[in-house]
């Protein structure tokens, strides 16, 4: 197997980037999900409820973040000294506010009050102790440092989606792109679809990871990133083929054993 592609998302729930190589840090890929959008009360805003957030393309130049979008000129973000604590999946996390200019830029994009906040210290947030060790940390990703998917599993899912359409006498849909699932690393060459369900440890290049949990999927996967509208897939078909514990599943969560670098084309080995 090999590493087919690498992806990171500087601002949670906005557009991401495909890169040829990346630094793996204890809490995730360098630059991945260190910023987050909040409402005026400090509640997290995501593209699950506000698909227009995906129109924001954050650009990182070293430590400097610039927001680009269709509604306004690019904005260079300047964090302030103001801090607040938000609830991140039942864990309090202290964040740094990114100022009124960023707030106005995002508010204009999504047409509701919004502010940008930065996780200046990524060692603050622990991983769920049910699946991680006491010293495991995660950025502002939903729960774990990295998400892995496989091309074999996506191909099978797209076949199932086509079968569902035929059964319902619907127009045959275009295959879903992997971007719907917002992975960090995509593996090619698995010997079977969903082979990753059984993986416990893997090595990508020289970096080892624990494979700690399957990823339950939400309505964000149904948002078409070209039109920013929601459909029924892939949730409808995942519910038919990949439903257990009251959720639907696609992808696996990873925790790195140590920092390192990975690159597109690196060999992937199950340990």
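Using alpha-carbon pairs under 8 Å, 6+ residues apart, how would you state the relative contact order of the chain in percent?
Details: 604 pairs, mean separation 66.1, N = 271.
Answer for the chain is 24 percent.
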Option label - Rg/Rh (Cα atoms, Kirkwood Rh) computed here, alternatives [x] 0.94; [y] 0.98; [z] 0.96:
[z]
Considering only C-alpha atoms, what is the centroid distance from the stretch 49-64 to the stretch 190-211, in Å?
29 Å
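Using the Cα atoms of the stretch 80-120 to build a convex hull, what is its mean projected area in square nanometres?
Values: hull surface 12.5 nm².
Approximately 3.1 nm², given one-decimal rounding.
Would you please classify the overall shape of the stretch 146-270 from the alpha carbon gyration tensor, given that a ≥ b ≥ c denote the square roots of the eigenvalues, rounded means a/c under 1.5, and beyond that prolate means a/b larger than b/c while oblate covers the rest?
On the way: a/c = 2.04, a/b = 1.92, b/c = 1.06.
The shape class here is prolate.
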At q = 0.13, 0.21 Å⁻¹, what is the log10 ratio I(q)/I(0) for the stretch 123-219, with the Debye formula run over Cα points and no solvent?
-0.57, -1.16
Take the Cβ-Cβ distance between residue 200 and residue 135 as r, set R0 to 25 Å, and report the resulting FRET efficiency rounded to the nearest 0.05.
0.80
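Highest mean first, how do 147-159, 256-268, 79-91 rank when packing is the count of other Cβ atoms within 10 Å averaged over residues?
On the way: 147-159: 20.2, 256-268: 16.0, 79-91: 12.5.
Per-residue Cβ counts within 10 Å, averaged per peptide and sorted highest first, yield 147-159, 256-268, 79-91.
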Expressed in nm to one decimal, what extension gain is obtained for the pair residue 49 and residue 191 from 0.36 nm per residue of sequence separation less their Cα-Cα distance?
47.5 nm
Starting from the 7 Å offset along Cα-to-Cβ, what nm value, one decimal, do you get for the label separation of residue 120 and residue 230?
3.6 nm
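Can you tell me the length gained on complete extension of the stretch residue 18 to residue 40, counting 0.36 nm per residue apart and subtracting the Cα distance? Before the final figure, lay out each step's value.
Values: separation 22, 0.36 × 22 = 7.92 nm, distance 3.13 nm.
Stretched fully, the residue 18-residue 40 segment lengthens by 4.8 nm.
Can you classify the stretch 28-118 as rounded, prolate or oblate using the Cα gyration tensor, where a ≥ b ≥ c are the square roots of its eigenvalues, rounded means a/c under 1.5, and otherwise it's prolate if a/b beats b/c and oblate if not?
Values: a/c = 1.40, a/b = 1.16, b/c = 1.20.
Rounded shape, in that the Cα axes give a/c under 1.5.
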Helix-only CD estimate at 222 nm, as mean residue ellipticity for the chain, using -39500 (n - 2.57) per DSSP H run (n ≥ 4):
-4000 deg cm²/dmol
How much FRET efficiency would the formula 1/(1 + (r/R0)^6) give for residue 68 and residue 261, where r is the Cβ-Cβ distance and R0 is 30 Å, rounded to 0.05?
0.65
Cut-off 11 Å (backbone N to label point 7 Å along Cα→Cβ of residue 128), residues of the stretch 213-238:
213-217
Return the FRET efficiency for the residue pair residue 174, residue 91: r is the Cβ-Cβ distance, R0 is 45 Å, and the value is rounded to the nearest 0.05.
0.70
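Here, each number is a calculation from the coordinates, and none is a lab measurement. Every value quoted in this text rests on a predicted model; they were computed, and no experiment measured them. Please note: Cβ atoms are built from the backbone with ideal geometry, for glycine as well, and neighbour counts cover all protein chains shown.
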